[in-house]
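The values are calculated or read from the model by the stated rules, or taken from the named source; none is laboratory data. As the structure is a computational prediction, the values presented were derived from the model and not from experiment. Note that we place each Cβ from the backbone using ideal geometry, even for glycine, and neighbour counts take in every protein chain shown. Remember, those area values only see protein heavy atoms, side chains included, never the ligands or the DNA or RNA. Shrake-Rupley method; radii C 1.70, N 1.55, O 1.52, S 1.80 Å.
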Amino acid sequence: MGSLKSDEEAGVVTEMESNEAILYVNGVRRVLPDGLAHLTLLEYLRDQGLTGTKLGCGEGGCGACTVMISSFDQRLKKCVHRAINACLAPLYSVEGMHVITVEGIGNRKIGLHPVQESLATSHGSQCGFCTPGFVMSMYALLRSSETPPTEEQIEESLAGNLCRCTGYRPIIDAFLVFAKTDDMLYTGRPLASHQGSEFICPSTGEPCSCGPKSTGNLENEKHSWDSNDRYKQLSYSDIDGSKYYDKELIFPPELLRRKSSSLSLNGFGGLKWYRPLSLQHVLDLKTRHPEAKLVIGNTEVGIEMRLKKMQYKVLISVAEVPELNMINVKEDRLEIGAAVKLSDLLSVLRRVSTDRASHEVSACEALIEQIKWFAGTQIKNVASVGGNICTASPISDLNPLWMAAGAKFNIIDGKGNMRTTLAENFFLGYRKVDLASDEILQSIHLPWTRPFEFVKEFKQAHRRDDDIAIVNAGMRVHLERKDEEWTVLDASIAYGGVGPRSICASKTKDFLTGKSWNKELLGQAMKILEEDIVLKEDAPGGMVEFRRSLTLSFFFKFFLWVCEKIGGKISLTETIPSSHLSAIKPSHKPFVMGCQDYEIVKHGTAVGSPEVHLSAALQVTGEAEYADDMPMPPNGLHAGLILSRKPHACIVSIDDSGAKSSPGFAGIFFAKDVPGDNHIGPVFADEELFASKLVTCVGQVIGIVVADTHENAKLAARRVHVEYEELPPILSIKDALEAKSFHPSSDKQLRKGDVDFCFQSGQCDRIIEGEVQVGGQEHFYLEPQSSLVWTMDGGNEVHMISSTQAPQKHQKYVSHVLGLPMSKVVCKIKRIGGGFGGKETRSAFLAAAASVPSYLLNRHIKLTLDRDVDMMITGQRHSFLGKYKVGFTNEGKVLALDLEIYNNAGNSYDLSLAVLERAMFHSDNVYEIPNVRINGKVCFTNFPSNTAFRGFGGPQGMLIAENWIQRIAVEVNRSPEEIREINFQNEGSLLHYGQKLEHCTLRLLWSQLKLSCEFPRARAEVDQFNAQNRWKKRGVAMVPTKFGISFTTKFMNQAGALVQVYTDGTVLVTHGGVEMGQGLHTKVAQIAASAFNVPLSSVFISETSTDKVPNASPTAASASSDMYGAAVLEACEQIKARMEPIASKRNFSSFAELVNVCYMERIDLSAHGFYVTPDIGFDWKTGEGNPFRYFTYGAAFAEVEIDTLTGDFHTRSANVILDLGYSLNPAIDIGQIEGAFIQGLGWAALEELKWGDAGHKWIPPGCLYTCGPGSYKIPSLNDVPLKFNVSLLKGAPNVKAIHSSKAVGEPPFFLASAVLFAIKDAIVAARAEAGCTGWFPLDNPATPERIRMACTDEFTSRFVDPNFHPKLSI
């Protein structure tokens, strides 16, 4: 029996009869029974049917699970509202609190909250899976702010939320209407006067002429939307929060009156949960349970238990112990309780930094900066100071600062004995601290700094927002002025990320003490520091050279920073050169601004209009349903996969006895149990559903276990013991080339002209040869793979709801492995939470695996992958290796290209051959090359099969091309932009696969881009900046693209649709395409609405289902709007033709009236439409044909700034322009461009996959290290270009697609390589400072490691030569 005890009884450990443990959820009182200590808040909420709160990662890294918790602070006597990650919060940790989820703030029935409304109408929701998390982060900020939040506070509140679809810009726009500058939100004054068209200026509050104006011509309008002009989009009622006050959930009065009680509750597997209310009670519990873990936010222990499978039997929550939650400002120090939350500490630090003398708060200011980048708001709202300290992570951001600042830790044992230790002596080893089993950390004493005592923080991570450090540091020096010199009285240098614990550079400290602070000291200290901090070559985490260089870079920055603080002198006679100040100047980061420039060309009632995504209102309220949201029947089971742990091995034996004795176990199935055929594959059946004798990668599925809960299924799967006989693995393209390990029949060749003759004839003034490595990329769709499978009619039929881009593939796989006809298998899907190619084929084997137990047991089976498993087993974007030989003239005109291109397929074919083919098609990008020979091969490696990803090989082929274009520019001493221009293809150009360019708008786009970004001015300004700044450099680049639209496999270019008109005049459309955030359903509905001349609201698209539209191709290749739109239009035209005889007889007052008359006349109001893409087809035997219906052209400009000492960078501006013909929906198309660009920016500069291979020996062979948001970094809000402008080419209809439009999904992706080449341009300037000129390679992603190590200088030269090439998993 669990127990609760009152405050008076808190010191008594004896358990007593309990009162109720309660929780309020969205205003509803809920009693929490005993036995749920193992549950997280997220699991509880979703079990209660509140599925708006999503499971995205399970480690607090994506923000999809964000909710708001409200509690009454007895000390402050007020309600406190905080955003938290429900996936980490133990259920009992929120006992006595009010939890508000996205369902609790607004819905379509009672009305949307202003936050929801603003996000929906600003096009800030695409797939919608991340949307509730963003809504709740913003909502919690507004509820917790006494005054309107600033733009900076809004940005900070969203740092813990990730989006993979939108590119963040519309989300920022949506929420900035709530910023402090927008006074009309809080004064209740409307922007637009209701008396007329008079506009109220948001700046002055008075009528002015700056408001929006319409030409009145809706048929053809040009729109230039500046996101800084964000008020124009929202009407008064949309954003006037005052009208919602009566609907806002209040803090429950019961919780105001209720006294806190101590808790003693239980959970699954003997787990005990205690919540003491006094320090003595904590100490008593710790004495009784020395192995117990103290938790506050559970941000570390939760991950250890969930992801690292550590078993802790006793958890003691100390979040409500007053003695551990105090913060006292003393005369000589700041006293901080160990349980103080980081967000509370940050508030106090900010307050004392303004209240106290400036010389006293140097350490406080350093902590403020470090906590800002520590983690997302949701983590900081629950994570504690003491928890971070006692975790003793070697990369803790704060521990080096405590050490450097001279902090003292107060420790207390079970008997009440106190002792104090210096922070620098507290950390003993890897996650080991100076605490006995009965001791706890009670408080931290941070001394005020003295005059001329300076403390500074440093951190370099893969990404600025919400990321763990690669290396961090805390540095302190206390100076005294003697005569004309500054002498070091005391110093402390501490680092994280360079050893198994946070360490002090003790030799350096000893050297500094007593020395004069000058340039000579800097040089000598660097030498000692180099010896002081030593990293072994095989150190865990890799990047050894980079990490060592950072230790010196940080100290150099610290030296300059201190010099500036004491007057800018680095010696008696010498001041800091102005160019060196760039090392310490923080980059000014204004809020993201953007302009979206497009024309509206209307066709009928809806086509061409910038309509909001049809599901936007459902998505912002959490009402939109995804596969894992589907309720399970009472006897439903969850599945867990049994996965290989070896990259290449024979299966010797399988012992499943452990699984069978697991709690909740219901069945286990292997290859022998598959009713039909165990061999599967989208093109070639070269995979096994369940490995029978041989495994060829880590993560290969060996079998499947089903149990009563998701956690029990995973536990049972882990208890299956497999004995292996290991075989040598192939772990890279290089390994495959050496071993000649290729998939069969994968050799491909394209030819044009005579390459050999061109090279030998002397036509080429120069010939270059080189290699390009192209890194892979994880899809990181926010919704993990999920399938729910069940049987019907006694097992005669199988139905499923799956998160897939290819329902027909699921239908086919399931029928194949079960031995059923396809007509008895149905796959349905309403929407998916992002796909990007990752749910085209690699989702099908998961549905097939789940179908086996479902069919054999006749029960519902749900299989939803955890994020780490999803990333490990479902494949990524293919890495590539290109070996080029290029001949060209002295002017830079390309004459011949000889290219060998290889992709890393992994352990099965999947779609790798088609990916290779498209890469070969796009290996010219946009360049006229008279003589071309491209040979391609698909490499077999012992990794999970790689698969489709936005661009489908095209970006890899184009990136290889742009690399040799860059190299030609270096060789002939011209700018890359000039080389690109003189080699552009033109109207009528014959491509290397025989297709002729028609309607080529490349040069027009390029010239418009040059004009809009003012390229010559930008180039001159960058050059001037670089001349004046030694340690910060800027770079610019312009990059073009040409992307072919169609499936390169001809038969896949077909589409079907079913249109049904009802007697009330509404239209139901079903087609074979899947809505995954790209707005496909919205565009198709617009086409149907315009066809029937009805409002868009009259058209509904319910779901995609294989029993409505058969044999549908995957929603991929950017062609879905073209194909399904045309199929729907054809069906509409059939119905209209049937209605025409009736319609021509008289005028009808409405479409509904016409439909009713047609119905009475027995006219068929249902039609099936079908479309095949014409005039396409390619013959690989002859190497000629038209693989593409048309091309989408685009170009982008980017300007970046890099920190040459750390490798940090940010994109200052990006201008993107695309030719999309007459857009079907310019708002959705702009969203696709922005989302693709930011996703491409991740591929180009942030997202690095690290596998256990020859270059990463610290990772187990064949294992994926970067298998979650903690280690794999997609772009966050902070990575969006500061100026982000997107334009659509005007007046360029496309005659080859529906309503003169063009496809948009994939073409913009490659344009983000402009950021990569701008980074390279900046590195060129940095290398020139060190006398390094000439060509150098820069692989993607251009991570801080690659940027820093390419910027060769006196610090890197101590460890590597200028040609150092960081390792990349390909």
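Name the residue, out of SER1121, SER1113, that is among the polar types (S, T, N, Q), crowded, with 20+ Cβ neighbours inside 10 Å, in contact with a Lys or Arg (Cβ under 8 Å, 6 or more places away or on another chain) and closer than 30 Å to LYS839 by Cα. Before you say what the answer is, go through the steps one by one.
On the way: SER1113 fails: in contact with a Lys or Arg (Cβ under 8 Å, 6 or more places away or on another chain).
None of the others qualify; the one that does is SER1121.
In segment 930-940 there is at least one residue that is in a strand (DSSP E or B), out of contact with any Leu (no Cβ under 8 Å at 6 or more places or on another chain) and either open to solvent by 10 Å² or more (accessible area, probe 1.4 Å) or touching a residue at least 40 places away in the same chain (Cβ under 8 Å) (or both). When we screen GLU360, GLU365 for residues that are farther than 29 Å from LEU88 by Cα, in contact with a helix residue (DSSP H, G or I) (Cβ under 7 Å, 6 or more places away or on another chain) and surrounded by fewer than 21 Cβ atoms within 10 Å (Cβ to Cβ), the only hit is GLU365.
Every test in (1) farther than 23 Å from HIS779 by Cβ; (2) open to solvent by 10 Å² or more (accessible area, probe 1.4 Å); (3) not hydrophobic (A, V, I, L, M, F, W, C) is passed by GLN1086 save one, and that test is (2).
Quick one: which residue in ASP793, ASP747 is open to solvent by 50 Å² or more (accessible area, probe 1.4 Å) and over 23 Å from HIS878 (Cβ atoms)?
Residue meeting the stated conditions: ASP793.
Output the residue which, of all residues in segment 527-571 that are touching a residue at least 60 places away in the same chain (Cβ under 8 Å) and among the aromatic types (Phe, Trp, Tyr), is surrounded by the fewest Cβ atoms within 10 Å (Cβ to Cβ). Result: TRP561. The strands (runs of 3 or more DSSP E) located wholly in segment 435-542 that include 3 or more residues which are of a type outside the set (A, V, I, L, M, F, W, C), modelled with pLDDT of 95 or more and out of contact with any helix residue (DSSP H, G or I) (no Cβ under 7 Å at 6 or more places or on another chain) occupy 439-447. Within segment 602-618, the residues that satisfy the criterion of being open to solvent by 30 Å² or more (accessible area, probe 1.4 Å) and either part of a loop (DSSP other than H, G, I, E, B) or in contact with a Gly (Cβ under 8 Å, 6 or more places away or on another chain) (or both) are LYS602, GLY604, THR605, PRO610, GLU611, VAL612, LEU614, LEU618. Of the residues that sit in segment 277-299 and are surrounded by 19 or more Cβ atoms within 10 Å (Cβ to Cβ) and either in a loop (DSSP other than H, G, I, E, B) or at positive phi (or both), which one is farthest from the chain's Cα centre (by Cα)? The selected residue is SER278. Restricting attention to segment 504-522, report how many residues are of a type outside the set (D, E, K, R) and open to solvent by 30 Å² or more (accessible area, probe 1.4 Å). So the answer is 6. In segment 1326-1351, the residue that is surrounded by the most Cβ atoms within 10 Å (Cβ to Cβ) out of those that are among the polar types (S, T, N, Q) and out of contact with any helix residue (DSSP H, G or I) (no Cβ under 6 Å at 6 or more places or on another chain) is THR1343.
Among the criteria (1) under 17 Å from ASP73 (Cα atoms); (2) open to solvent by 60 Å² or more (accessible area, probe 1.4 Å), the one ASN325 does not fulfil is (2). When segment 142-176 is filtered for residues that are in a loop (DSSP other than H, G, I, E, B) and surrounded by fewer than 24 Cβ atoms within 10 Å (Cβ to Cβ), the ones remaining, listed by number, are SER145, GLU146, THR147, PRO148, PRO149, THR150.
Of the strands (runs of 3 or more DSSP E) lying entirely inside segment 307-421, the ones with 3 or more residues being farther than 24 Å from PHE458 by Cβ are found at 314-317, 327-329, 408-413.
Just checking, does segment 1301-1309 include any residue being more than 25 Å from the chain's Cα centre (by Cα), open to solvent by 10 Å² or more (accessible area, probe 1.4 Å) and more than 23 Å from TYR598 (Cα to Cα)? No; the residues of segment 1301-1309 include none that is more than 25 Å from the chain's Cα centre (by Cα), open to solvent by 10 Å² or more (accessible area, probe 1.4 Å) and more than 23 Å from TYR598 (Cα to Cα).
Here is a list: GLN370, GLN378. Which entry is under 30 Å from LYS259 (Cβ atoms), touching a helix residue (DSSP H, G or I) at 6+ places or on another chain (Cβ under 8 Å) and open to solvent by less than 60 Å² (accessible area, probe 1.4 Å)? Checking each option against the conditions leaves just GLN378.
Restrict the check to segment 1013-1033 and report whether at least one residue is charged (D, E, K, R), touching a helix residue (DSSP H, G or I) at 6+ places or on another chain (Cβ under 8 Å) and closer than 18 Å to ALA961 by Cα. Looking for residues that are charged (D, E, K, R), touching a helix residue (DSSP H, G or I) at 6+ places or on another chain (Cβ under 8 Å) and closer than 18 Å to ALA961 by Cα, one finds none in segment 1013-1033, hence no. Applying the criterion of being part of a loop (DSSP other than H, G, I, E, B) and more than 38 Å from the chain's Cα centre (by Cα) to the residues of segment 1170-1185, the residue that is surrounded by the fewest Cβ atoms within 10 Å (Cβ to Cβ) is LYS1181.
Take segment 1013-1034 and flag every residue that is touching a Phe, Trp or Tyr at 6+ places or on another chain (Cβ under 8 Å) and either open to solvent by 80 Å² or more (accessible area, probe 1.4 Å) or not basic (Lys, Arg) (or both). Once the filter is applied, which keeps residues that are touching a Phe, Trp or Tyr at 6+ places or on another chain (Cβ under 8 Å) and either open to solvent by 80 Å² or more (accessible area, probe 1.4 Å) or not basic (Lys, Arg) (or both), segment 1013-1034 yields CYS1013, PHE1015, ALA1018. Strands (runs of 3 or more DSSP E) fully within segment 16-95 that include at least 3 residues being buried (at least 23 other Cβ atoms within 10 Å of the Cβ) and not basic (Lys, Arg): 66-73, 78-85.
Among the numbered conditions (1) surrounded by fewer than 24 Cβ atoms within 10 Å (Cβ to Cβ); (2) within 30 Å of the chain's Cα centre (by Cα); (3) assigned to a loop (DSSP other than H, G, I, E, B), the only one that SER1287 does not meet is (3). When LEU990, LEU997, LEU913 are checked against the criterion of being touching a Ser or Thr at 6+ places or on another chain (Cβ under 6 Å), under 21 Å from PRO1187 (Cα atoms), open to solvent by 20 Å² or more (accessible area, probe 1.4 Å) and not aromatic (Phe, Trp, Tyr), LEU913 stands alone in meeting it.
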